[in-house]
Every structure is written in structure tokens, then in C-alpha cells.
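Notes for the one structure printed next.
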Amino acid sequence: MTLRSFMPSPRRFPPPWTIEELNNACFVVSDASGQKLGYFYFDDPRSADKPLTRDEARRIAANIAKLPELVRSRNAIDTTFGIDYRARGLPRNTGRIEAIFTCAGYLV
């Protein structure tokens, strides 16, 4: 019996992910359904020897909130060199140089 058999459907965190400030103590990243995905505390003397500044916490939260957008763009067609990895039957993680040589008919 696998873990999937206990879960009715795959777990998803629908985009867009948003950032909000909570009680002037942290930034919270939430998905479109309102599920809280991460808390980024700042200026809390109990948290560490050198706690995050407000700006550092905001930037980290903003970068986390961009993850669905980055994943989506990574799965898109790579137009840097005009290569459609899917049409060529190449794995998406094929390096660009390898893909160029493969598309040109060279063996890499």
C-alpha cells in the first residue's frame, strides 16, 4: 500500500501565490486557495543571533511566491535557440549545447 492510496488526489498549491504582512512580524506566502505556504519572520530577537531584516524577509517571500511562475516558464518551449524540445523528442533537461548539436544531426 502506497501513500498515494490514502490521498484522494495529488496535492496542489494553485497559483498565483501572494504575499501579505502579518502583525508587523512576518510575511506570509499563500496560494490561490488561501493555504499558507510559508512564514518569514523579521526583526525577532528570539529567532536567531542575527534575525532577518524586514526587507530581507520580504525579498525571500517574494522570491518564493515567484516559484509557480518559474516552474511554468521552465516547462514552456525554449525559444532561446528556437528549439522545441518536445517536438524533437529531447528530454527537457537536455543542455542547450547538447540540443543544438542533436538538432543539427551531430551525436553528442
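General observations
- Net charge contributed by nearby residues that have their C-beta within less than 15 Å of residue 52 (K/R +1, D/E -1): -1
- A Förster radius of 25 Å combined with the Cβ-Cβ distance from residue 28 to residue 73 puts the calculated FRET efficiency at roughly 0.55.
FYI, it's all coordinate maths here, none of it is from the lab. Since this is a predicted model, take the numbers as computed values, not measurements. Cβ: placed from backbone, ideal geometry, glycine included. Neighbour counts: every protein chain shown.
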